[in-house]
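The values are calculated or read from the model by the stated rules, or taken from the named source; none is laboratory data. Here the structure is a predicted model, which means the values were calculated and not measured. All Cβ positions, even for glycine, are placed from backbone atoms using ideal geometry, and neighbour counts span all protein chains on display. Only protein heavy atoms, including side chains, enter the accessible area calculation; ligands, DNA and RNA are left aside. Shrake-Rupley method; radii C 1.70, N 1.55, O 1.52, S 1.80 Å.
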Amino acid sequence: MCAHSRANHSHVGAVYYSHPPGIPRIGSPRLIIQLSHEVVLLYEDISGYPYRVIPTDGRAHRKDANPSYYGDSVGHWEADTLVIESTNFVESTWFGEEGYFHSDAMRVTERFWRVGENLAYQVTVDDPKVLTAPWTLPVRVVKPTNEPLEESPRCVESDGPRLLNNDHHGQR
């Protein structure tokens, strides 16, 4: 990240003005519900209570979908790995914490698989308009928990200009 972005990212990032973070910036879900034809991902985030309902019945991406923060997602299984491919994002999100911007051509591929009792999560971002090669997040291991999802505090759009530092990252 360049010095200007590092010094100002909390003042220019849409998430600091109560906009959803999008994916993959939001990280791995806190709860996954698997049904016969879809997967529901529940997140715990400062900007609200995001969720994603992802069909796994073989359908293609919707051609008439409006761009959104979490994109248009479809999933499928590759052996024991759940693969979710998402397209059609609004351009105001970042795909990383430090201002990694993207274009309307961004495609995100998420992979989930079991590692013993844990869940492994990996993301690859492909955006030929911005990146010279796909960007892949190192594998993250997510340990299962019985902790309930917590209600997030209400995000107030005027909070962004009041941020003095990046302490908000340590809230959870």
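Of all residues being open to solvent by 80 Å² or more (accessible area, probe 1.4 Å) and either out of contact with any Lys or Arg (no Cβ under 9 Å at 6 or more places or on another chain) or closer than 15 Å to Lys129 by Cβ (or both) in the range 91-104, which is modelled with the highest pLDDT? Just the residue, please. Among them, the one singled out is Asp104. Pairs meeting the criteria (first residue in the range 127-153 and more than 16 Å from Pro29 (Cα to Cα), second residue of a type in the set (Gly, Ala, Ser) and part of a loop (DSSP other than H, G, I, E, B), beta carbons under 6 Å, at least 6 apart or on different chains) are Asp127/Ser103; Asp127/Ala105; Pro128/Ala105; Lys129/Ser103; Lys129/Ala105; Val130/Ser103.
Of the residues making up the range 63-90, those that are surrounded by 13 or more Cβ atoms within 10 Å (Cβ to Cβ) and out of contact with any Gly (no Cβ under 9 Å at 6 or more places or on another chain) number 5.
Among residues of the range 105-120 that are in contact (Cβ under 8 Å) with a residue 12 or more places away in the chain and open to solvent by less than 40 Å² (accessible area, probe 1.4 Å), those with a Cβ under 7 angstrom from a residue that is of a type in the set (Lys, Arg) and not in a strand (DSSP E or B), sequence gap 6+ or separate chain, pair up as Ala105/Lys129; Asn118/Lys143. Within the range 41-64, the residues that satisfy the criterion of being part of a strand (DSSP E or B) and within 17 Å of Ala120 (Cα to Cα) are Leu41, Leu42.
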